[in-house]
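Since the structure comes first, as structure tokens, the remarks are kept for the end.
The numbers here are math on the coordinates, done by the rules we state, and not lab data. Every value quoted in this text rests on a predicted model; they were computed, and no experiment measured them. Cβ atoms come from the backbone with ideal geometry, glycine included; neighbour counts cover every protein chain shown.
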Amino acid sequence: MASKQVVNFGAGPAKLPEEVLLKVQKDLLNFKDSNLSIMEISHRSTEYLKFNDDTQAAVKELLKVPDNYKILFMQGGGTGLFAAVPLNLMSRTGSADYFVTGSWSAKAAKEATKYGKVNLVLPKTDKYNDIPDPSKWKLDPKASYVYYCSNETIHGVEFPYIPDTQGVPLVADMSSNIMSRPIDVSKFGIIFAGAQKNIGPAGVTLVIIRDDLLGNPSPFCPTILDFSIMAKDNSVHNTPPTAAIYVMSSVFEWIRQQGGVEGMEKHAVRKSQLLYDTIDHSQGFYCCPLNPKIRSRMNVPFRIGSVNGDEALEKTFLTGAQERGLLQLKGHRSVGGIRASLYNAITYKEVETLVQYMKEFQELTKK
Ligand SMILES: *Cc1c(COP(=O)(O)O)cnc(C)c1O
């Protein structure tokens, strides 16, 4: 147990379920009766290879992944995948379509321009507070793939649907909302997620890839980012981040016990609703500038005092939150304000604690 009761609303690395941390602590010295720690055991041992297969099977079960997909455990984080995606797929036609709905997809699009032509599907903007209607999309039928970020962690824009790409392979960065809702995997070419937001610690990136997209890497694709090599060698081509994968597998087990991704979705809807209702019923004291239709269930950015935020008031709010053990609520340095991340491990009760503080802070400020 932490020495002081705190709630970690950080955007990533983020809160892990306490049950998982306690289990990992208990297992740390003895991995699967090997008398060795997960950090000490060979990734080519029988125990590890079985564990590797079981962890892939857990992903397949939780997300109902069809048989024609491979599960990979890669390194390099979400950022590594920004390069890996074009390095593996761009050579098909030399161009790709990118939805830019916030900082992370903007970074991915920028990285991709190193390897081919990037078409922007949406009109350019620096205010990421909505997703334009499909009638405004410019999709190119000759694109190698269509890329989007299903949840923009910094701006709080979450797609409430899967974009229709008219048959062009769809690639999704799900780093900050994977396993927070059921998804129809068969609609995707590639799904990837850095683990440290919703499913584990930093160090491992989960990749789900459809078989037919393997086998066309650029000649200069680094081995470590080559999906085909990683798939052929079952994610043990080189040393995988074994300890990070172990914690992630324990999170999968925990999600399963909580009713799977269906359970996570119900939980996410309740928690985010409570916070958005508090913001929307505060008579403008708290402001969330996003279109309610695309507001994220995972990352809730808001301002205090006005749409542009009263920075002094926000500072006071954050200091008071810190004193109460409500931690890591500061908005990303690029946007300012407040951001509460409500990932899978955050409980409803913890959101209630935040909402209680918000109401008290508003009362106190009015006086
Ligand atoms: C955090 C994040 C990334 C970057 O992940 P790194 O592991 O730090 O490279 C990419 N995409 C999204 C949506 C993120 O939230």
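Residues of the range 145-168 with an amide N closer than 15 Å to a point placed 7 Å from the Cα of VAL335 along the Cα-to-Cβ direction: 149-160. Treating the chain as a set of equal point scatterers at the Cα positions, no solvent, please give the Debye-formula log₁₀ I(q)/I(0) at q = 0.06, 0.10 Å⁻¹. Calculated log10 I(q)/I(0) at the listed q: -0.23, -0.64. According to the square roots a ≥ b ≥ c of the eigenvalues of the Cα gyration tensor, what is the shape class of the range 1-73, taking rounded for a/c under 1.5, prolate for a/b larger than b/c otherwise, and oblate for the remainder? Taking the square roots of the gyration eigenvalues as a ≥ b ≥ c, the range 1-73 is oblate. When the C-alpha to C-alpha distance is required to be over 22 Å, the pairs from LYS110/LYS293; LYS26/LYS349; LYS15/LYS271; LYS271/LYS359; LYS60/LYS114; LYS114/LYS142 that qualify are LYS110/LYS293; LYS26/LYS349; LYS60/LYS114. Here the label points at LEU364 and ASN308, each 7 Å from Cα along the C-beta direction, are separated by 2.7 nm in the simple model.
Does the range 110-186 come out rounded, prolate or oblate by the C-alpha gyration tensor, with a ≥ b ≥ c the root eigenvalues, rounded set by a/c under 1.5 and, if not, prolate when a/b is larger than b/c and oblate if not? Walk me through the intermediate numbers first.
Working: a/c = 1.41, a/b = 1.19, b/c = 1.19.
Rounded, because the longest to shortest axis ratio a/c is under 1.5.
Multiplying the residue separation of LEU22 and GLU61 by 0.36 nm and removing their Cα-Cα distance gives an extension gain of 11.6 nm. Net charge in the neighbourhood of ILE346 (other residues with Cβ under 10 Å of its Cβ; Lys, Arg +1, Asp, Glu -1) is +2. Based on C-alpha pairs under 8 angstrom that are at least 6 apart in sequence, the range 182-269 has a relative contact order of 28 percent. Computed on the chain, with alpha-carbon pairs under 8 angstrom and 6+ residues apart, the relative contact order is 22 percent.
For the range 163-227, what does the alpha-carbon gyration tensor say about shape, rounded, prolate or oblate, given a ≥ b ≥ c as the root eigenvalues, a/c under 1.5 as rounded, and a/b over b/c as prolate?
oblate
Phi angles of the range 306-314 translate, via the Karplus equation with coefficients 6.51, -1.76, 1.60 and θ = phi - 60°, into HN-Hα couplings of 6, 4, 8, x, 9, 4, 5, 5, 5 Hz per residue; Gly and Pro are given as x. Given the DSSP H assignment, sum -39500 (n - 2.57) over each helix run of at least 4 residues in the chain and divide by its residue total; what's the result at 222 nm in deg cm²/dmol, nearest 500? Per the formula, -11000 deg cm²/dmol. DSSP assigns beta bridges within the chain; of those with both partners inside it, close to 60 percent run antiparallel.
Fewest-first ordering of ASP133, ASP310 by other beta carbons within 10 Å of each residue's beta carbon gives ASP133, ASP310. Taking the Cβ of CYS288 as the centre, find all other residues whose Cβ is under 9 Å away and add up their charges (Lys, Arg: +1; Asp, Glu: -1). Here the charged neighbours net out to +1. If R0 equals 56 Å, the separation of the Cβ atoms of LYS136 and LYS232 corresponds to a calculated FRET efficiency of about 0.85.
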